[in-house]
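Quick one: the structure is below, questions incoming.
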Amino acid sequence: MRFSEGLRLRTIYGIFKILQNFGNYTAIKALGLYAHWQYQDVESAIEFLLSLLRLYSEHTEQHSRRVAEILTSFAEYQNWKEMEVLKLAGLSHDIGKIAMIGLANKNGELTERERDEMKKHVAYGVVLLRCLASLNEDLIGKLIEIVGDHHEYFDGSGYPNCKSGKNISEYARALTIVDHYAALTEKRAYRGALDLESAIEEMNTHSETSRRFDPKILEQFLNYKRAGNK
Ligand SMILES: [Fe+2]
Ligand SMILES: [Fe+2]
């Protein structure tokens, strides 16, 4: 990264931190409007937001890229269309964490209160995306539908709206599965990375007991992984 680009990003984040004194939504909206003003297309604006994340929470940025990569590769296996939408959904699904860098980088498991706070990253992400709407309304509408539901569970036990079953779009149900798989196989400060079989076992356990994941898509995802895909 060029020095001037690093300085620009640090300055933007510094202003964002100051605006957080007026509330996270104020700061998030200002950041979203800046991204809209600076960039001509949705992908460039999302890449800009990811570069801010990279500067302050590298593992969140890497996780987002990995989710986008696995999701698009799985989508290809499924013969799904709209690869661009799925790629951008993967890249932007955790973008709201920019408002909670301290929690995203915490060394150790989050407390219950911190977990509740962390849940707001979904709403912040949606606000950021909504700020980009006039760049491409159709695309942003699709992204909001997927990103806004990426923590909803098939059995209705997720957040923020306790949606269940097919009230959650197929792409959001797939993103939830890929997101969990990616998180389980990444190293975290408080635990090591699970290997493929342990991660699959963990996700199967959930499907048998509480059906957090769409059983059909989970089975297709497990077949996709067991076929040796990344
Ligand atoms: Fe998330
Ligand atoms: Fe995630």
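The values are calculated or read from the model by the stated rules, or taken from the named source; none is laboratory data. Please read these numbers as outputs of a predicted model, since none were measured by experiment. Note that each Cβ is placed from the backbone with ideal geometry, even for glycine, and that neighbours are counted across all protein chains shown.
Considering ILE140, ILE28, ILE101, which residue is touching a residue at least 12 places away in the same chain (Cβ under 8 Å) and closer than 24 Å to GLY192 by Cβ? Explain how you work it out, then say what you get.
Values: ILE140 fails: closer than 24 Å to GLY192 by Cβ; ILE28 fails: closer than 24 Å to GLY192 by Cβ.
Going through ILE140, ILE28, ILE101 in turn, just one is touching a residue at least 12 places away in the same chain (Cβ under 8 Å) and closer than 24 Å to GLY192 by Cβ: ILE101.
Could you pull out the residue among ARG66, ARG54 that is within 12 Å of the chain's Cα centre (by Cα) and of a type outside the set (Gly, Ala, Ser)? Walk me through it before giving the result.
Details: ARG54 fails: within 12 Å of the chain's Cα centre (by Cα).
Selected residue: ARG66, the only one of ARG66, ARG54 that is within 12 Å of the chain's Cα centre (by Cα) and of a type outside the set (Gly, Ala, Ser).
Would a scan of the range 210-228 turn up a residue that is modelled with pLDDT under 85 and surrounded by fewer than 14 Cβ atoms within 10 Å (Cβ to Cβ)?
Taking every residue of the range 210-228 in turn, at least one turns out to be modelled with pLDDT under 85 and surrounded by fewer than 14 Cβ atoms within 10 Å (Cβ to Cβ).
Across the range 104-117, which residue is nearest to SER157 (Cα to Cα) among those that are in contact (Cβ under 8 Å) with a residue 12 or more places away in the chain and either buried (at least 17 other Cβ atoms within 10 Å of the Cβ) or among the polar types (S, T, N, Q) (or both)?
ALA104
If you take the residues of the range 57-92 that are part of a helix (DSSP H, G or I) and of a type in the set (Phe, Trp, Tyr), which of them is farthest from ligand 1 (Cβ to nearest atom)? Before the answer, list the steps.
Of all residues in the range 57-92, those part of a helix (DSSP H, G or I) come to 58-77, 83-92.
Within this subset, residues satisfying the condition of being of a type in the set (Phe, Trp, Tyr) are 74, 77.
Working: PHE74: 18, TYR77: 23 Å.
Filtering the range 57-92 for residues that are part of a helix (DSSP H, G or I) and of a type in the set (Phe, Trp, Tyr), the one farthest from ligand 1 (Cβ to nearest atom) comes out as TYR77.
Condition check: in contact with a Lys or Arg (Cβ under 7 Å, 6 or more places away or on another chain) and in contact (Cβ under 8 Å) with a residue 60 or more places away in the chain. Does PHE221 satisfy that?
Details: in contact with a Lys or Arg (Cβ under 7 Å, 6 or more places away or on another chain): no; in contact (Cβ under 8 Å) with a residue 60 or more places away in the chain: yes.
So PHE221 does not fit the description; no.
Being of a type in the set (A, V, I, L, M) and closer than 11 Å to LEU52 by Cβ is the filter here, so list the residues in the range 1-31 that pass it.
LEU9, ILE12, LEU31
Further question: Kindly provide the set of residues from the range 11-24 that are within 13 Å of ILE98 (Cβ to Cβ) and among the hydroxyl-bearing types (Ser, Thr, Tyr), ordered by number.
TYR13, the sole residue that qualifies.
Output yes when any residue across the range 70-79 is farther than 25 Å from SER198 by Cα and either away from ligand 2 (no atom under 13 Å from the Cβ) or of a type in the set (A, V, I, L, M) (or both), and no when none is.
Here is the first cut: in the range 70-79, the residues farther than 25 Å from SER198 by Cα are 79.
Among the residues that remain, those that are also either away from ligand 2 (no atom under 13 Å from the Cβ) or of a type in the set (A, V, I, L, M) (or both) are: 79.
Yes: the range 70-79 contains one or more residues that are farther than 25 Å from SER198 by Cα and either away from ligand 2 (no atom under 13 Å from the Cβ) or of a type in the set (A, V, I, L, M) (or both).
Would you point out which residue out of SER51, SER57, SER4 is more than 20 Å from VAL178 (Cβ to Cβ) and either modelled with pLDDT of 95 or more or surrounded by 16 or more Cβ atoms within 10 Å (Cβ to Cβ) (or both)? Give the steps one after another, and end with the answer.
Numbers: SER57 fails: more than 20 Å from VAL178 (Cβ to Cβ); SER4 fails: either modelled with pLDDT of 95 or more or surrounded by 16 or more Cβ atoms within 10 Å (Cβ to Cβ) (or both).
That would be SER51, the only listed residue that is more than 20 Å from VAL178 (Cβ to Cβ) and either modelled with pLDDT of 95 or more or surrounded by 16 or more Cβ atoms within 10 Å (Cβ to Cβ) (or both).
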